[in-house]
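Below: one structure, written as structure tokens.
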Amino acid sequence: MTRSFEELTTAEFEAFAQTHADGSYLQTASQARLLARRGWQTSLVGLVEDHKVQAAAVLGWIPVKMGNLFQIDGGMLIDFSNQELVTEFVAGVMAFAKEHQGLFLRIMPNAIYRKFNDDGTQIGTDDNTVIDALMAIGFTHAPATQGWTTNSSPSRQYVKSLKPVLDVDGDSKALRASFAKDGKYYLKKTDQFGIKVHRLAKDELPAFKALTQDTANRLDYHDKDLDFYETVFEEYGDDAYFVFAEMDFPAYIKGQQQARDHLAEVVANLDARIAEKPNYKKLKRQRAEYADQHKQHEKRIAQAQTARQEAGKDVVVIAGALFLATANEMIYLYSGTYDEYKNFYGPYAVQEYAFKQAVARKIPNYNFYGISGVFDGSDGVLGFKQGFAGYAEEKVGSFIKPINSTKYAVYRFLKKILARG
């Protein structure tokens, strides 16, 4: 049987992509539609043999100087250990690109080169399969770099397998038990604080944008525009989870008051026992501990009353995030937290909500997405994600192959000249 390189229908592509081990939101028909609405031209392409898709990709292209940049982000969906298949697929892409004024092809595979534990120690050995397959057919390789990017999928990420939780039928206790010590501690706090989480309707997206923009301003990075979030909502539908964590001040204050009053009774009882046994040091230590807890609740009540007055309303948004679901993974993309409410630990509640949705949908992997790749304790984002007990991955990097070699050489030369200027 001979294989043919074809443009696939949405149904053909999705049937293949949704069951592929390397599938991600970047390789979905929804992402192709989103790219199209953001100025890219797109096509769902694949190798077909006997009416069966053997490999596929979301192929996008956009004008640059002297031609079009063709790109496959998060793909291809292919067996990279099959050199013949890889060679044939790339040949098909190159031929397609030449017909559409292609200048060069860039591929950023969703493939892992190395894995690391939480202190940065490598787990296992390097996997050169993808690198070898693409360099064998003329691609130039750019390894993953440390640091952050907002221009493409990150080269380093933090992930967690949900298979152990799914193996026990998604038991909620098993899910929380799978988290690290910090994650369990802060989630217990969100329980005590009565933090509520809900999924947003489309008309709430301006409030989501206000949250992410506030965070971007504080941390000095560029946020996506409202149109982007609305497009994601429309194109991903039920697979897009826009989520808010909210604080109900009256309910929180009432809970803190009840805890305070209970502790006041405990302290009073200890005072009575100490009066009877003034030399019993253990009772005094207990009394000091409970009295300190009583003060903490008094402090929280006062802080909440002040925050409620400043907010001018009883219920406020404290944190939020956007998650996208595929058959293979739940991925955490964009988020925000109002700094004045950071002590209510809203981001932990938001994450647990998404974890529960993933388990309910029997999604086997949870992807926290980008990290800087620095394990010296300076990456606070990594520290937060480590609270849920996963591991870090370094992807294989990116690969470039000229489509029109002569024009690409001129393009590269001009870029160097402009960079010097």
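Give me the pairs, please: first residue somewhere in the range 189-212 and touching a residue at least 12 places away in the same chain (Cβ under 8 Å) and farther than 11 Å from Glu230 by Cβ, second residue anywhere and surrounded by 15 or more Cβ atoms within 10 Å (Cβ to Cβ) and β-branched (Val, Ile, Thr), beta-carbon distance under 7 Å, and either six or more positions apart or on two chains.
Every condition considered, the pairs that remain are Val197/Val243; Val197/Val350; Arg199/Val243; Leu200/Val243; Ala207/Val317; Leu211/Val317.
Can Lys209 be described as at pLDDT 95 or above and among the basic types (Lys, Arg)?
Values: at pLDDT 95 or above: yes; among the basic types (Lys, Arg): yes.
Answer is yes for this residue.
Test of understanding: among Asp126, Asp50, which residue is among the acidic types (Asp, Glu), under 20 Å from Val396 (Cα atoms) and surrounded by fewer than 16 Cβ atoms within 10 Å (Cβ to Cβ)? Give the derivation first.
Values: Asp50 fails: under 20 Å from Val396 (Cα atoms).
Sole residue among the options that is among the acidic types (Asp, Glu), under 20 Å from Val396 (Cα atoms) and surrounded by fewer than 16 Cβ atoms within 10 Å (Cβ to Cβ): Asp126.
I'm told Lys52 meets every condition in (1) farther than 18 Å from Met94 by Cβ; (2) in contact with a His (Cβ under 9 Å, 6 or more places away or on another chain) except one. Can you identify the failing condition by its number?
Result: Lys52 passes all but (2).
Step by step: first the residues of the range 32-82, then only those that are of a type in the set (S, T, N, Q) and more than 22 Å from the chain's Cα centre (by Cα), then the one that is nearest to His100 (Cα to Cα). Which residue is that?
Taking the range 32-82 as the starting set, the residues that turn out to be of a type in the set (S, T, N, Q) are 41-43, 54, 68, 71, 81-82.
So of that shortlist, the ones also more than 22 Å from the chain's Cα centre (by Cα) come out as 41-43, 54, 68, 81-82.
On the way: Gln41: 10, Thr42: 11, Ser43: 12, Gln54: 24, Asn68: 8, Ser81: 29, Asn82: 28 Å.
Checked the range 32-82; the qualifying residue nearest to His100 (Cα to Cα) is Asn68.
Scan Arg106, Arg156 and give me the residue that is at pLDDT below 95, of a type in the set (Lys, Arg) and within 25 Å of the chain's Cα centre (by Cα). Before the answer, list the steps.
Numbers: Arg106 fails: at pLDDT below 95.
Exactly one residue qualifies, and that residue is Arg156.
Report those helices (runs of 4 or more DSSP H) wholly inside the range 1-101 carrying at least 3 residues which are closer than 30 Å to Phe368 by Cα and in contact with a helix residue (DSSP H, G or I) (Cβ under 6 Å, 6 or more places away or on another chain). Spell out the reasoning first.
Values: elements: 10-17, 29-37, 83-98.
It comes to 10-17, 29-37.
For the range 74-94, check the following and say yes or no: at least one residue is more than 19 Å from Ala55 (Cβ to Cβ) and surrounded by fewer than 14 Cβ atoms within 10 Å (Cβ to Cβ).
In the first step, residues of the range 74-94 are kept if they are more than 19 Å from Ala55 (Cβ to Cβ); the result is none.
Among the residues of the range 74-94, not one is more than 19 Å from Ala55 (Cβ to Cβ) and surrounded by fewer than 14 Cβ atoms within 10 Å (Cβ to Cβ), which makes the answer no.
Would you point out the residue of the range 226-257, among those that are in contact with a His (Cβ under 9 Å, 6 or more places away or on another chain) and assigned to a helix (DSSP H, G or I), that is farthest from Asn343 (Cα to Cα)? Lay out the reasoning, then the answer.
Looking only at the range 226-257, we keep the residues that are in contact with a His (Cβ under 9 Å, 6 or more places away or on another chain), and these are 243-246, 256-257.
Now restrict to residues that are assigned to a helix (DSSP H, G or I): 256-257.
On the way: Gln256: 14, Gln257: 18 Å.
This residue is Gln257.
The values are calculated or read from the model by the stated rules, or taken from the named source; none is laboratory data. The shown structure was predicted, so the numbers you read here are calculated from the model rather than taken from an experiment. A quick note on method: Cβ atoms are made from the backbone with ideal geometry, for glycine too, and the neighbour counts reach across all protein chains shown.
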